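Shown next, in structure tokens, is the structure this report addresses.
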Amino acid sequence: MAQMFRNAASFNQPLADWDTSSLSSVIYMFQNAAAFNQVLKDWDTGSLSGGGSKFMFMGATAFLGANTNCGLRKNVKHAACTGTSTTYDRSESATSGPPKAWEITPPSLLPPPSPPASASPVTEPPRTPSSSASASPPGEDVDSGDTSDEFADSGATSLRAMFSTAVVAVAAALLLSDLG
């Protein structure tokens with residue numbers, strides 16, 4: 001079942017009643033299954049080979065956001081993991097299984113939700129010249145000798161915007177090439 005739901009971003013179906021007693025590997029099983037958030041604590045994973053559940057939940061953002069890996073040594077004192085009589089299976093990494101290493105994090109322990117991202121970037125309003133500036137006919141470049149140009153930073157602002165757009169485009173291209 002290794003990589004079975006890998007990159008199935010919208011997958012979120014119940015799997016609790018599956019017979020998992022003879023599994024040997026669930027490596028990357030839910031990698032990038034961002035919507036997946038089902039309870040798997042009752043899965044029998046005793047037959048998994050060493051490292052057979054490595055990175056099982058890597059990129060499963062809904063699952064990782066709602067559950068705590070109590071099998072990870074640094075989490076043994078986490079509030080979601082204490083106060084129960086459960087003995088958690090050892091886990092190799094923050095995104096690894098086995099499922100019996102995980103505990104549902106009570107809502108009171110979850111971080112507050114992030115504010116939604118703005119749909120459009122915030123831009124500065126266009127600057128207008130002061131009323132003391134003299135208007136010149138179109139096409140004429142008049143040097144008044146005044147070095148305090150009201151538009152001095154508009155070129156820098158445009159350059160920053162172009163650079164930001166280029167960085168986003170390159171990042172998107174790299175991400176798409178990794179997914180392909």
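Checking the structure you have, find out if any residue of region 21-29 is within 26 Å of Ser114 (Cβ to Cβ), hydroxyl-bearing (Ser, Thr, Tyr) and surrounded by fewer than 20 Cβ atoms within 10 Å (Cβ to Cβ). The answer is no; no qualifying residue exists.
Is it fair to say Ala62 is part of a loop (DSSP other than H, G, I, E, B) and not charged (D, E, K, R)? Walk me through how you get there before you give the answer.
On the way: part of a loop (DSSP other than H, G, I, E, B): no; not charged (D, E, K, R): yes.
No, not satisfied.
For region 102-124, the count of residues that are in contact with a His (Cβ under 6 Å, 6 or more places away or on another chain), modelled with pLDDT of 75 or more and outside any loop (DSSP other than H, G, I, E, B) is zero. Taking (1) within 22 Å of the chain's Cα centre (by Cα); (2) buried (at least 17 other Cβ atoms within 10 Å of the Cβ); (3) closer than 14 Å to Thr105 by Cβ in turn, Ala62 satisfies each apart from (2).
Residues in region 73-106 that are farther than 20 Å from Ala33 by Cβ and surrounded by 14 or more Cβ atoms within 10 Å (Cβ to Cβ): Asn75, His78, Ala80, Cys81, Tyr88, Asp89.
Given the options Thr68, Thr20, name the one that is in a loop (DSSP other than H, G, I, E, B) and within 17 Å of Ser91 (Cβ to Cβ). Lay out the reasoning, then the answer.
Values: Thr68 fails: in a loop (DSSP other than H, G, I, E, B).
Result of the check over Thr68, Thr20: Thr20.
The values are calculated or read from the model by the stated rules, or taken from the named source; none is laboratory data. Not measured: the values here are computed from a predicted model. Because the Cβ atoms are built from the backbone with ideal geometry, glycine has one as well, and the counts that use them run over all protein chains shown.
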